[in-house]
Amino acid sequence: MSTPDVAALPATTWHDETPSTACQLVPAPAGIHLGTDRAGRPVALSAPGPAGSRVGVLGEALFGHLFALRLLAAGARVTAVTRAPAAWAGLRRAAGDRLTVAGDAGGWPAHQPAPPTVDGGPAALVCDLRRPPAAALGDGDWRTVLHVTHVTPPRAGFWAAADAILALDARFAEAVARVLGAEAARVTAALAPGEIVVFRATGADVLRPDISPAETALLTPGSPPRRAG
């Protein structure tokens with residue numbers, strides 16, 4: 001088979017077609033999985049991520065343990081600021097030096113936050129003290145700050161600046177009203193048993209939390225210690 005003479009081929013002008021708007025790449029929802037909404041869709045919090053995030057939770061301190069476990073699985077180093085350090089003992093054994101338990105947030109973060117697998121990775125702070133962390137702790141790349149409490153503290157800058165607020169039961173409707181107003185309180189009061197709600201600037205998602213048997217075992221006192229993933 002002979003090779004054609006390129007000079008003898010007819011001249012052609014090529015024009016790139018205008019890019020179609022019918023097929024676009026858009027960011028996919030990603031982050032820490034929370035559960036499944038009423039339509040069966042997964043619901044996640046976008047953390048840890050390149051932008052800092054603040055999360056307020058109205059509910060039991062155990063939710064902070066679960067969120068910390070999932071942050072650890074995502075490659076973050078977690079500091080638990082707590083008034084009940086003994087409750088973190090099992091997770092501390094499993095996580096090793098990736099989980100620090102402290103009585104205050106002084107000196108956090110202890111490393112320069114970075115993407116997962118880079119240097120120390122993302123930094124996360126989970127606090128169950130009555131007083132919320134300073135709002136400024138959530139400023140900066142690759143850092144996540146969560147405060148879990150039963151009552152929204154008055155005039156708390158952290159809660160005013162929260163990127164997401166969760167209510168873990170209908171009984172927290174009054175507390176939600178103080179932060180987000182009457183409509184958010186109405187949504188919270190209508191939660192069925194086992195449902196929770198997450199409020200963000202984009203709206204509210206009502207969902208049922210998904211907790212794996214392995215997570216349940218790891219967070220249950222007296223279970224054999226296992227290394228976190």
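Within region 54-68, does at least one residue satisfy the condition of being of a type outside the set (A, V, I, L, M), part of a strand (DSSP E or B) and under 29 Å from Glu174 (Cβ atoms)? Yes; the residues of region 54-68 include at least one that is of a type outside the set (A, V, I, L, M), part of a strand (DSSP E or B) and under 29 Å from Glu174 (Cβ atoms). Looking at the structure I just gave you, is Val148 touching a residue at least 60 places away in the same chain (Cβ under 8 Å), crowded, with 19+ Cβ neighbours inside 10 Å and aliphatic (A, V, I, L, M)? The answer is yes for Val148.
Taking first residues from region 168-190 that are within 18 Å of Arg200 (Cβ to Cβ) and touching a residue at least 12 places away in the same chain (Cβ under 8 Å) and partners that are assigned to a helix (DSSP H, G or I) and of a type in the set (Phe, Trp, Tyr), the Cβ contacts under 8 Å between residues at least 6 apart in sequence or on separate chains come to Leu168/Phe63; Val179/Trp159; Thr188/Phe172.
For first residues located in region 198-215 and in contact (Cβ under 8 Å) with a residue 60 or more places away in the chain and under 16 Å from Val179 (Cα atoms), partners that are assigned to a strand (DSSP E or B) and of a type in the set (A, V, I, L, M) and lie 6+ apart or on another chain with Cβ distances below 6 Å form the pairs Val198/Ala164; Val198/Leu166.
Looking at Gly120, Gly40, just one residue is assigned to a loop (DSSP other than H, G, I, E, B) and free of Cβ contacts under 8 Å to residues at least 24 places away in the same chain, and that residue is Gly40.
So that you can scan it fast, the table gives a plain yes or no per residue for (1) surrounded by 21 or more Cβ atoms within 10 Å (Cβ to Cβ); (2) under 14 Å from Cys127 (Cβ atoms):
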site	(1), (2)
Gly64	yes, yes
Gly75	no, no
Arg83	no, yes
Ala86	no, no
Ala95	yes, no
Thr100	no, yes
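Restricting region 184-199 to residues that are surrounded by fewer than 16 Cβ atoms within 10 Å (Cβ to Cβ) and touching a strand residue (DSSP E or B) at 6+ places or on another chain (Cβ under 9 Å), the residue that is nearest to Val43 (Cα to Cα) is Gly194. Of the residues screened, Ala164 is one that is surrounded by 14 or more Cβ atoms within 10 Å (Cβ to Cβ), within 20 Å of the chain's Cα centre (by Cα) and under 24 Å from Thr202 (Cβ atoms). Figure legend. Inter-residue proximity from region 130-141: first residues modelled with pLDDT under 95, second residues of a type in the set (D, E, K, R) and surrounded by fewer than 16 Cβ atoms within 10 Å (Cβ to Cβ), beta-carbon distance below 9 Å, spacing 6+ or different chains. Indicated pairs: Arg130/Arg83.
Filtered by the rule that a residue be out of contact with any helix residue (DSSP H, G or I) (no Cβ under 6 Å at 6 or more places or on another chain) and either surrounded by 12 or more Cβ atoms within 10 Å (Cβ to Cβ) or of a type in the set (Val, Ile, Thr) (or both), region 200-213 gives Arg200, Thr202, Asp205, Val206, Leu207, Arg208, Pro209, Asp210, Ile211.
The values are calculated or read from the model by the stated rules, or taken from the named source; none is laboratory data. The model shown is predicted, which means the values in this text are computed figures rather than measured ones. A quick note on method: Cβ atoms are made from the backbone with ideal geometry, for glycine too, and the neighbour counts reach across all protein chains shown.
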